[in-house]
There are 2 protein chains.
Amino acid sequence: QFLFLLVAVVSVGFVSIVFVLRWVLYFKEGLAWDGGPAEFNWHPVLIVTGFVFIQGIAILVYRLPWTWKCSKLMMKLIHAGLNILAFVFAAISVVAVFDFHNAADIPNMYSLHSWVGLAAVILYGLQIALGLCVYLVPITPGSLRAAFMPVHVYSGLLIFTSVIATALMGITEKLIFGLKNPKYKDSPPEATFVNVLGVLIMLFGALVVRIATC
Amino acid sequence: QFLFLLVAVVSVGFVSIVFVLRWVLYFKEGLAWDGGPAEFNWHPVLIVTGFVFIQGIAILVYRLPWTWKCSKLMMKLIHAGLNILAFVFAAISVVAVFDFHNAADIPNMYSLHSWVGLAAVILYGLQIALGLCVYLVPITPGSLRAAFMPVHVYSGLLIFTSVIATALMGITEKLIFGLKNPKYKDSPPEATFVNVLGVLIMLFGALVVRIATC
Ligand code: HEM
Ligand code: HEM
Ligand code: HEM
Ligand code: HEM
Ligand SMILES: O=C1O[C@H]([C@@H](O)CO)C(O)=C1O
């Protein structure tokens with residue numbers, strides 16, 4: 001049953017990545033780094049592959065059977081490495097929207113989505129810095145490591161959940177802004193397809209938290 | 001420190017209710033049941049007071065010091081009663097939007113917000129029904145009650161988190177649809193004010209989950 005959950009979380013994650021790629025490549029303008037809408041498209045792609053999928057796998061590293069033969073240090077390096085990789089994806093993704101907004105003279109940081117999103121990226125960076133200091137610097141005493149663990153797990157899962165919520169707001173915004181004729185309200189195929197992507201991202205988040213807390 | 005968290009969660013909850021009331025009464029059309037925008041406004045008001053605040057307090061009932069002198073049965077009745085009250089608020093809130101949409105010929109159930117939201121209301125009803133059968137029907141064996149507890153807590157917190165995420169999507173939609181000149185992008189006072197409401201709702205959710213899991 002535990003193995004079933006692992007297979008489910010990885011499958012839902014993969015399907016989400018396929019969905020976001022089909023969204024930007026088939027329904028939207030594709031990918032480019034030219035200040036136009038195709039540069040914006042890197043934003044959802046890097047968020048779903050990096051900040052959602054890679055972060056989710058990073059959180060689950062200690063629960064994956066194939067890591068059980070690794071040393072504890074090795075597992076920590078994989079956990080930290082994947083989290084750092086996810087952070088790089090998230091940072092580039094945010095640069096892509098800012099660049100697109102500046103090129104098109106759209107204001108920055110006006111939305112609830114951008115407030116919660118940027119806060120999540122910054123707190124994620126802090127979580128990495130603290131994690132490295134407490135769990136990888138060899139001189140940190142074991143008592144401090146143990147005392148800090150509940151905080152590390154709670155703040156890690158809180159940031160992860162906020163990222164999922166931010167992604168759902170971002171999808172909502174983009175469907176409203178991007179669909180004009182027919183509109184989002186008129187349920188064109190893109191609207192239904194991307195709603196399903198939103199449901200998949202939620203499901204992925206629920207499975208990650210489920211596995212990490214049982 | 002635990003008492004501090006309790007004071008914080010109740011305060012943030014109250015301020016959220018004040019914010020949503022100021023939003024609809026001062027910035028928007030007020031409240032009415034007339035098929036117009038003032039009927040829509042019951043939607044966020046009932047969601048924030050009922051589905052967010054009352055549900056949050058219901059989840060925390062077993063942790064509140066003033067319930068510790070109550071019998072276990074009494075606590076269960078308060079927990080179940082508040083959850084049923086929150087469900088009634090959520091149901092009326094959803095009726096308000098449907099009624100508004102039908103009166104204005106806006107399609108129903110097209111958005112990711114509406115999909116996740118309606119699913120949350122239905123699952124919440126199921127959670128109540130199952131909770132009553134397992135924990136209030138006297139003939140249910142204690143072994144079943146204990147075995148079901150982790151499922152009850154996980155599904156309860158998952159629904160609660162989904163409600164918070166749905167509320168953030170709803171706020172995002174309403175700010176985009178409702179602000180035309182100046183637009184959401186231009187950060188008029190209403191936009192900033194309601195973004196803060198969104199942050200408060202997130203904070204309330206984070207505190208409830210924190211208290212319920214420690
Ligand atoms: C979950 C992680 C995400 C984070 C941390 C994040 C972060 C951000 C930030 C910081 C901005 C502001 C950029 C600026 O002001 O110039 C922004 C804008 C935007 N994002 Fe995201 N985003 C996320 C996910 C998504 C997703 C999945 C979409 C779906 C397409 C999306 C769509 C948008 C849109 C349409 C904007 C422009 C409108 C606005 O500023 O709110 N975002 N995002
Ligand atoms: C933003 C990045 C990070 C997030 C979101 C995060 C999140 C988490 C979560 C949710 C857990 C609980 C996993 C479980 O119980 O299955 C965990 C465990 C842990 N994390 Fe992190 N973490 C991050 C960065 C780091 C870093 C940089 C280190 C440094 C090595 C680290 C060290 C650990 C350790 C030692 C554990 C305990 C593993 C165990 O013995 O169960 N984390 N982390
Ligand atoms: C968190 C609990 C919430 C639930 C369960 C929920 C549920 C729903 C449902 C089922 C609909 C579809 C109505 C229809 O299709 O006729 C809807 C629509 C809507 N809701 Fe919510 N809602 C919630 C919170 C909010 C909040 C806090 C706002 C902020 C104002 C909001 C704004 C909207 C808007 C603008 C619509 C119309 C556009 C659409 O159908 O997506 N919702 N909501
Ligand atoms: C949708 C409605 C409901 C939700 C969201 C919900 C959620 C929760 C949560 C999150 C907890 C853990 C609280 C904590 O540890 O502090 C809990 C505990 C509990 N719930 Fe519910 N619940 C619901 C309905 C019900 C109903 C109708 C009953 C029937 C009496 C019930 C009986 C219980 C019991 C007996 C506990 C265990 C208390 C303990 O000994 O720690 N729940 N519920
Ligand atoms: O360095 C570590 O800290 C935690 C634990 O000791 C704290 O509870 C853990 O699992 C490590 O490998």
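In table form, for the structure just shown:
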| item | result |
| --- | --- |
| Residue-averaged [θ]222 nm for the protein assembly as shown, counting only DSSP H segments that reach four residues, each worth -39500 (n - 2.57) | -24500 deg cm²/dmol |
| Cβ charges +1 (Lys, Arg) and -1 (Asp, Glu), total dipole of segment A:73-214, debye | 340 debye |
| Three-way shape label, the protein assembly as shown, alpha-carbon gyration tensor, a/c 1.5 | oblate |
| Peptide-level mean, for A:143-156, of C-beta atoms on other protein chains within 10 Å | 1 |
| Burial ranking of peptide ranges B:12-19, A:27-34 (average Cβ count within 10 Å, highest at the top) | B:12-19, A:27-34 |
| Reach of A:Lys174 by Cα under 19 Å, taken over lysines that are not fewer than 8 positions away in the same chain | A:Lys28, A:Lys183, A:Lys185, B:Lys174, B:Lys180, B:Lys183, B:Lys185 |
| Label-point separation in nm, B:Lys180 to A:Ala104, each point 7 Å along Cα→Cβ | 2.2 nm |
| Average other protein chain Cβ within 10 Å of Cβ, residues B:166-175 | 5 |
| Model label zone, A:Ala147; criterion: amide N under 17 Å from point 7 Å along Cα-to-beta-carbon; scope segment B:1-21 | B:1-2 |
| Per-peptide average of other Cβ atoms within 10 Å, ordering B:52-64, B:186-198 highest first | B:52-64, B:186-198 |
| Kirkwood Rh and Cα Rg combined as Rg over Rh, evaluated for chain A | 1.00 |
| Test item: B:43-56 mean partner chain Cβ contacts at 10 Å | 0 |
| Inter-label distance, nm, simple model (7 Å from Cα along the C-beta direction), B:Ser11/A:Ile92 | 4.3 nm |
| Among A:Ile159, A:Asn41, B:Ala147 the positive-end extreme of the charge dipole of the protein assembly as shown (Cβ point charges) | B:Ala147 |
| Estimated dipole of the protein assembly as shown in Debye, rounded to 20 [Cβ of Lys and Arg +1, of Asp and Glu -1, Cα centre] | 1540 debye |
| Axis proximity, chain B to A: residue whose C-beta lies nearest, plus whole-Å distance | B:Ala165, 2 |
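Throughout, read-outs are computed from the coordinates displayed, never taken from laboratory work. These figures come from a predicted structure and were not determined experimentally. When we count neighbours, we look across all protein chains shown, and the Cβ atoms used for this are built from the backbone with ideal geometry, even at glycine.
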